[in-house]
Amino acid sequence: MKVLIFMTQFYRLSGAERLAVELAEELNKRGIHSDILSMYTENMSGVLEAKEALLRKGIPAVHFLGMKIHPPITSMFPAILKLRRMIRDEGYDIVETSMISPTVIASWATQGTRARHVAGLHHVYRRELHNSLQQMFWRFSVRCNKRIRFYAISDYVTDCWVEYSRTSPLYTRRIYNAIPDDSFDVVPDRYEVRKDLGIPGNARLAIYVGRLVAYKGIDTLLNALSPILEKENLFLLYVGQPYLGASGTQEMLQQIERQVAEASWRDRVKFLGYRKDVPRLMASSDILVHPTRTEGFGLILAEAMATGLPVVASNVEGIPEVLAGTDSVMVPPDDPEVLRKAVLKILNRRPEEAARAIKKGQIRAEDFRIEKRTDAMVKLFEDIRMGWL
């Protein structure tokens, strides 16, 4: 079996991109030839270095489709033809995608070839919310390819996709996301982390990890914790970068900046930006708070549990699946008072209760190891090749 992992880019790895690269690496370790294809050109800063790193990790070949960032719709047609030639010349059996633009291109390029297209679904899609021209064309494209099959990151995402796309539920398989192995192996470094951040050694840390966008509820988080930061000797860490393309985000971030700047507790809120040591930060914190308004899975929740970090999260969409069987606390979104009480409940747990909750979280996190996701993906590819799906 020969597989092509087709993604937008691989030089800045966020959730879906990291999972795509990890899949290619794991498949090659198992003797399944898996190449990587980037939608963009290689003439961008950092791309050649990232390519060399992938080749050193055992990826046999790294290809580029040569498109510009935010390409016009007319550039799709040459890209489809180029990918079609690549599929035939290289003899790929499976083309895997997990982002909208690569999925559109591959859904047309694989038609009439031996290759089967497998598309990953990483978000919740609803017709009343996701009806732009791009999304409508994406939906039309996958419906035109009768041999395409899908995998979704949770049962909730699966159900929403079937309704959104009007495709058969038999064509979509649920395969959970995976978290890095180093999340399980990280050693807490509470004193050094606090020292590095200029925080007292006896302080408690609440941490948020993810994009700084309006739909993640980071304004609710600040409103929930600001009244107790000084009283509880608590510091709040925001880890992640803003994404100003999301509706309402710029205005929300400006409001948060003003709110923090004018407060007596302003030194207790820290915006750390992008960090490479997220597992270390989480293992050395006291609680992860994830107040999102929408979430198909919640990869950071699984990572937090693997490090032994207690979790408070919104009770929305795919999150109950991720936290099933744990003592994590789920709350309604957009309710600062309830969120504050949930945080205090976890921070004030008795030692034996806290230890039991941590153990349950770590057991649940085992379900999201890379090995299990790779097993499921290989089974999916094999079932498709055999014509069973």
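None of the figures in this text is laboratory data; all of them are computed from the coordinates on show. This one's a predicted model, so the numbers in the text were calculated from it and none came from an experiment. Positions of Cβ are backbone-derived with ideal geometry, glycine not excepted, and every protein chain shown enters the neighbour counts.
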Margin query: 5 Å is the cut-off here: which amide hydrogens, built 1.01 Å from N in the peptide plane, fall below it relative to Gly217, excluding neighbours closer than 5 in sequence?
Written below: Arg293
Item checked: Helix 47-56 vs. the chain, principal-axis angle (Cα, 0 to 90°, nearest 10) -> 80 degrees
Checklist line | Calculated P(r) of the stretch 162-226 - Cα pairs past 17 Å, % | finding: 71 percent
Next item on the list: Measure nothing but the geometry: give the 0 to 90° angle between the long axis through the Cα atoms of 15-29 and the longest principal axis through the Cα atoms of the chain, rounded to 10°.
Entry: 60 degrees
Check: What's the exposure ranking of Leu23, Leu380, going from fewest to most Cβ atoms within 10 Å?
Finding: Leu380, Leu23
Notebook entry, point to check: Does the stretch 182-367 come out rounded, prolate or oblate, given a ≥ b ≥ c as the square roots of the eigenvalues of its C-alpha gyration tensor, rounded meaning a/c under 1.5 and, failing that, prolate meaning a/b above b/c?
Noted result: rounded
Next item on the list: Report the extension gain between Gln362 and Arg190 in nm, rounded to one decimal, defined as 0.36 nm multiplied by the number of residues separating them, less their alpha carbon distance.
Entry: 60.0 nm
Item checked: Filter on Lys2/Lys146; Lys231/Lys359; Lys82/Lys216; Lys345/Lys379; Lys195/Lys231; Lys57/Lys82 - keep pairs with C-alpha separation over 32 Å -> Lys82/Lys216; Lys345/Lys379
Item checked: Karplus-derived HN-Hα couplings along the stretch 227-237 (A = 6.51, B = -1.76, C = 1.60, θ = phi - 60°), whole Hz, x at Gly and Pro -> x, 10, 4, 6, 4, 9, 6, 10, 10, 10, 10
Check: Per residue, what volume in Å³ does the convex hull of the Cα atoms of the chain enclose?
Finding: 144 Å³
Checklist line | the stretch 201-270: chymotrypsin sites (Phe, Trp or Tyr not before Pro) in DSSP coil with no more than 13 other Cβ atoms inside 10 Å | finding: none
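Can you give the charge dipole size of the stretch 115-209 about its Cα centre, rounded to the nearest 20 debye, using +1 on the beta carbon of Lys and Arg and -1 on the beta carbon of Asp and Glu? Working shown, then result.
Working: 15 positive and 10 negative charges, 149 e Å.
The dipole magnitude comes to about 720 debye.
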Note to self: I'd like to know which of Ser168, Gly217, Val331 lies farthest towards the positive end of the charge dipole of the chain, counting +1 on Cβ of Lys and Arg and -1 on Cβ of Asp and Glu.
What the structure shows: Ser168
Checklist line | GluC sites (Glu not before Pro) within the stretch 257-301: DSSP coil, no more than 15 neighbouring Cβ in 10 Å | finding: Glu262
Item checked: Student exercise, the chain dipole from Lys, Arg, Asp, Glu Cβ charges, in Debye to nearest 20 -> 860 debye
Next item on the list: Can you tell me the order of 110-116, 184-190 when each peptide is scored by its average per-residue count of other Cβ atoms within 10 angstrom, highest first?
Entry: 110-116, 184-190
Check: So what's the angle, to the nearest 10 degrees on a 0 to 90 scale, between helix 155-165 and the longest Cα principal axis of the chain?
Finding: 50 degrees
